[in-house]
1. Looking at 129, 91, 82, 114 in this structure, which one is surrounded by fewer than 17 Cβ atoms within 10 Å (Cβ to Cβ) and either hydroxyl-bearing (Ser, Thr, Tyr) or touching a residue at least 24 places away in the same chain (Cβ under 8 Å) (or both)?
2. Name the one entry in 96, 139 that is at pLDDT 95 or above and more than 27 Å from residue 197 (Cβ to Cβ).
3. For segment 157-164, does any single residue satisfy the condition of being surrounded by fewer than 22 Cβ atoms within 10 Å (Cβ to Cβ), at pLDDT 95 or above and under 17 Å from the mean Cα position of the chain (by Cα)?
4. Being farther than 30 Å from residue 76 by Cα and modelled with pLDDT of 95 or more is true for just one of 263, 195. Which residue is that?
5. Just one of (1) at pLDDT 95 or above; (2) touching a strand residue (DSSP E or B) at 6+ places or on another chain (Cβ under 9 Å) trips up residue 290, so point out which.
6. If you take the residues in segment 449-478 that are closer than 16 Å to residue 281 by Cα and not acidic (Asp, Glu), which one is surrounded by the fewest Cβ atoms within 10 Å (Cβ to Cβ)?
7. Select, from 176, 186, the only residue that is farther than 17 Å from residue 87 by Cα, in contact (Cβ under 8 Å) with a residue 60 or more places away in the chain, buried (at least 23 other Cβ atoms within 10 Å of the Cβ) and not hydroxyl-bearing (Ser, Thr, Tyr).
8. Of all residues in segment 39-71, count the ones that are over 27 Å from residue 107 (Cα atoms), part of a loop (DSSP other than H, G, I, E, B) and among the small types (Gly, Ala, Ser).
Amino acid sequence: MQERLGQLVLTGLLCVLLFAGVARAAPYAAMVMDARTGEVIHARNADTRLHPASLTKMMTLYIAFEAIEHGEISLDSLVTISRKAAAEPPSKLGLRPGQRIKLRYLIRAAAIKSANDAATAIGEAIEGSEAAFARRMNRTAKALGMTRTTFKNANGLTEAGHLSTARDMTILGRHLIYDYPEYYNLFSRRVADAGIRKVASTNRRFLSSYPGADGIKTGYTAASGFNLVASAKRGSKRIIATVFGGRSSASRNAEVARLLDLGFRKAPSRVALRKPKRPPYGLVVKGPSIALLTKSPRPVLRPGSTPEVPADVIMAVAEDVATEVAEVRATVGADGDARPLPEGLAVAIAASPRPSLRDAPPETPTMDADRIARAVAEAAAGKSDSAAPTEIAANVAPEITLPPGPEIVTRASTSGGRNWGISIGLYPSRFAAERALLTTALREIETLDTALRKVARTPRGFEANFVGMTEATAELACSRLQAQATPCEVLIP
């Protein structure tokens, strides 16, 4: 009797433990996608927000590739390891505080070994801190169409609010394949040199067991379960499969293999390749959400109305548009070849008096906006005669002098205490930044006509900004530019 009672108690305990293990199991989610077209072949709980674990490093690496491509950092840049990065828990490379190591080795360690210390060090090297890097991760996620993802760190360790979905991670995996094919081979390596030692891939078993598999990333924490985004290519077909919440690495790999088989069976043999669209570099959305316009219609003036243009706009036209556009055309034509100025325009610009704020008349001079627009368009097209720039110059006060310094402000200020602005990106030279500001101002004159154009030198390049704006004007201008596929960031005071 006692033996029977003991068996019942033991059976009950086993049932309780089994039930508890099931209750603690991470939720399951999956997606299968034809990588060539982005068509979803299979989905289950694909939009459920779950812990991505080290799948997060896919975004860390995507941004690292982007930063290298645009000259923010190089593969041979020496990264100094912080105490925070060195203290990250395993999996890790074993970096020490103060140690200096090339970025290329950190990338290999994060991609292949899934090293948490390496991922944190990458984020800090690019953005200065992991918190700033996480903000960039979230901006990039939105630009890629990952609508239900929020990143809190660069490595994927469990943190409140750090969540993603099977759909979003599949989208990110597809972008890694097609946006940075020159780096994608990293995810297929079984072993790599990470500078201080060789590291083995956390995905080597799946890569070795599934025919055609060539990447990409595993992930595991107690909260997430065993995750994997995998891609395989057979013939003309490429399939991506994502699983969240596997119970073990073996069962996860078996499930991903089953899903890839499903994808290869259902995907058509011949389809037109439709690569995902890469987001514009530097696309940033800050502050309150803004509804992006699909069209940007220009307002129609009432019949008989002729707006008066403020003095600073006229000065900008005379000083910036006529001179700077002409100088650009004098050195580089639309086709990239050297091209001289039209003789009449060059003579007129040289002879035109430059306005001066010191000698400006007390009353604000004005000029018909249509005449300014026509003169500017003709100057840019090289069709202007000597009368156009002279006519513009005649309507402004006589020389604008700008203080020397590391920043160039190319418009007179009428901000009146307004301290909002927008940034349209980083450029490799001051000339390129100034040209981008000028082009953008001409294209979006309704919202940028009173803004100051400013070029600021940063460690990563020359930042092109419009400043001296109100909050409403800055948000409107940024939304209109983004609708035209122009990178834009609202600068919050």
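1. 129
2. On the way: 96 fails: more than 27 Å from residue 197 (Cβ to Cβ).
Of 96, 139, the one residue that is at pLDDT 95 or above and more than 27 Å from residue 197 (Cβ to Cβ) is 139.
3. Among the residues of segment 157-164, not one is surrounded by fewer than 22 Cβ atoms within 10 Å (Cβ to Cβ), at pLDDT 95 or above and under 17 Å from the mean Cα position of the chain (by Cα), which makes the answer no.
4. On inspection, the qualifying residue turns out to be 263.
5. Going through (1) at pLDDT 95 or above; (2) touching a strand residue (DSSP E or B) at 6+ places or on another chain (Cβ under 9 Å) one by one, residue 290 breaks only (1).
6. From segment 449-478, those closer than 16 Å to residue 281 by Cα are 460-465, 478; that's our starting set.
Add one more test, that the residue is not acidic (Asp, Glu), and what stays is 460-462, 464-465, 478.
On the way: 460: 15, 461: 20, 462: 21, 464: 26, 465: 22, 478: 30.
Restricting to residues being closer than 16 Å to residue 281 by Cα and not acidic (Asp, Glu), the top hit is 460.
7. Details: 186 fails: buried (at least 23 other Cβ atoms within 10 Å of the Cβ).
From the options 176, 186, the qualifying one is 176.
8. Of the residues in that region, 1 qualify.
The values are calculated or read from the model by the stated rules, or taken from the named source; none is laboratory data. Values in this document were obtained by computation on a predicted structure and should not be read as measured data. In this analysis, Cβ positions are derived from the backbone assuming ideal geometry, glycine residues included, and neighbour counts consider all displayed protein chains.
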